[in-house]
Amino acid sequence: MTKLLRLLTLTMLILVCGGINAQTTITFDSKTDKASSAQSGAVSLTKDAVTINAEEGILGNGKEYRFYKGKKVTLTTTKDQILSVEFTCTALGKEKYGPGCFTAASGEYNFSGKVGTWTGAASSVVFTATGNQVRATKIVVTIGKADPTAVKEPTITGNATFETSTTVTITGPEGADIYYTTDDRTPTTSSQKYTAPFSLTESTTVNAIAVKGGKSSNVASKDFSKITCTDATLEEVVGWTADKTYVKLALNNAKVIYADGNTVHLRENGKCLMLYNVGILALTLNSTVSGSIKMNFKSYNGIPEMMKNEFTNAGDLSITAGSSLELDATVTTVEDLLAKKNLCDLVLLKNVTVTAEVTGKDAKYFIVSGAKKIQLWGNQNLSAVGVGKSLDIYALCNSIYSNNVQIKPVKVGDITLGINNTIVVESKKQGIYNINGVKMSEGQTLPAGLYIKNGKKVIVK
């Protein structure tokens with residue numbers, strides 16, 4: 001009987017230990033495990049108990065998972081903890097698309113050849129494509145229960161990018177001692193002991209470990225970069241051809257000539273510039289703005305635009321709301337547009353005719369002037385309203401495709417095609433509003449145009 005009890009006890013211990021150490025491997029294959037869309041952007045993909053969230057990338061093209069430069073990818077699990085992550089990439093080491101372009105916010109990350117490996121124990125792991133875009137054909141995630149006696153690694157916080165200085169705080173398990181380095185060395189108990197937050201004034205990497213009961217945690221690492229902003233005026237920026245990060249753009253009574261969602265078009269002293277994903281709602285149609293704003297510059301196919309970065313805010317801007325919602329367009333010609341004289345501007349072409357070129361089921365729309373023509377894009381389905389008629393066309397000169405300038409119509413004749421101001425309508429609020437946010441009288445006959453009805457766009461032809 002005693003022998004039987006011992007055997008049963010041993011069996012139970014084996015089962016319990018086996019349950020504690022049980023691990024599950026989940027493999028994401030880019031050819032078969034795909035997101036519902038192949039388009040780029042913020043995207044996620046879930047398989048079993050693991051989810052991949054890309055701040056910006058592609059997870060559905062059936063070729064490779066793409067994680068864009070400067071963007072984060074977060075792996076989370078709803079079961080136990082992530083113990084390891086292995087990326088098989090399309091390039092070597094720190095080469096473009098290689099595993100060496102990743103940095104991890106916690107745990108220990110190493111790479112060799114085309115494979116990058118993270119180890120640790122966390123329910124969520126964050127990687128940043130710091131060096132360049134990363135492309136992976138396979139991601140293998142191992143989840144399970146962490147060693148209950150292991151010491152959890154510390155957490156390092158502070159602004160990853162800063163202009164003058166940043167304060168670094170390191171927190172670890174209760175009762176643990178923390179040791180850190182700022183010279184790329186692996187910390188040991190002989191390294192600097194953390195006792196209070198400290199300041200950094202230069203670019204470096206902070207590495208830290210937690211020590212408790214004679215055991216050390218994995219190394220936690222965080223990169224800190226000191227940046228220098230380039231001061232520039234709007235007139236200077238529109239003349240640039242090379243991309244530049246961290247630009248302090250000075251504005252002097254610049255006018256918002258168009259605002260559509262996240263894109264704002266500015267005009268100052270006849271020069272125009274696009275602000276993309278600026279995130280400042282006060283920049284509405286015909287408002288004027290002075291001061292400075294920090295963004296990144298990008299020459300997108302030759303179109304000068306500023307893009308939001310981690311320093312972008314309205315803190316140093318003075319914005320005056322516009323007194324009118326009329327479109328303030330620059331009168332121009334097809335010839336001048338094709339010569340790239342009106343990039344980023346809101347333009348007006350007077351008494352021009354829209355023509356259609358149909359190929360199969362698809363139609364492309366153009367304005368023809370003698371032997372030259374310019375394509376309309378973005379609102380092609382509504383451009384047909386003006387086919388064959390002599391009309392005034394308001395458009396944004398905001399696209400260059402295959403070195404050919406294209407324009408996006410916003411108003412054709414009396415028909416407005418795009419919302420040129422921000423309209424907020426409560427979901428429960430009933431009624432019809434025009435594009436200027438003015439509520440229309442009930443029962444009135446609506447003229448042709450674009451309206452907001454119960455929070456949705458409605459076109460009246």
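Report the extension gain between residue 74 and residue 244 in nm, rounded to one decimal, defined as 0.36 nm multiplied by the number of residues separating them, less their alpha carbon distance.
Here the segment from residue 74 to residue 244 would lengthen by 58.5 nm.
Computed from the mean reciprocal separation of all distinct C-alpha pairs, what Kirkwood hydrodynamic radius does the range 155-226 have, in Å?
That comes to 12.3 Å for the range 155-226.
Would you mind counting up the charge near residue 406? Only other residues with Cβ under 13 Å from its Cβ, with Lys and Arg at +1 and Asp and Glu at -1.
Residues close to residue 406 contribute a combined charge of +4.
Just to be sure I understand the model, the point goes 7 Å from the Cα along the line to the Cβ. What's the resulting residue 310 to residue 23 distance in nm?
About 3.2 nm, to one decimal.
With the convex hull built on the Cα atoms of the range 330-416, state its orientation-averaged projected area in nm².
Averaging across all directions leaves 5.4 nm² for the Cα convex hull.
Against the empirical 2.2 N^0.38 Å scaling, what ratio does the C-alpha Rg of the range 21-144 come to?
Relative to the rule-of-thumb radius for its length, the range 21-144 sits at 0.94.
What is the projected area of the convex hull of the Cα atoms of the range 287-347, averaged over all directions, in nm²?
So the mean shadow area of the Cα hull is 5.6 nm².
With no solvent and one point per C-alpha, what does the Debye sum give as log10 I(q)/I(0) for the range 230-320 at q = 0.16, 0.17, 0.23, 0.26 Å⁻¹?
So the normalised log intensities are -0.53, -0.60, -1.21, -1.63.
Could you tally the net charge around residue 139, taking each other residue with its Cβ under 10 Å from the Cβ of residue 139, Lys/Arg +1 and Asp/Glu -1?
With Lys, Arg at +1 and Asp, Glu at -1, the net is -1.
Coordinate-derived values only; no laboratory data. All values derive from a computational prediction rather than experimental measurement. When we count neighbours, we look across all protein chains shown, and the Cβ atoms used for this are built from the backbone with ideal geometry, even at glycine.
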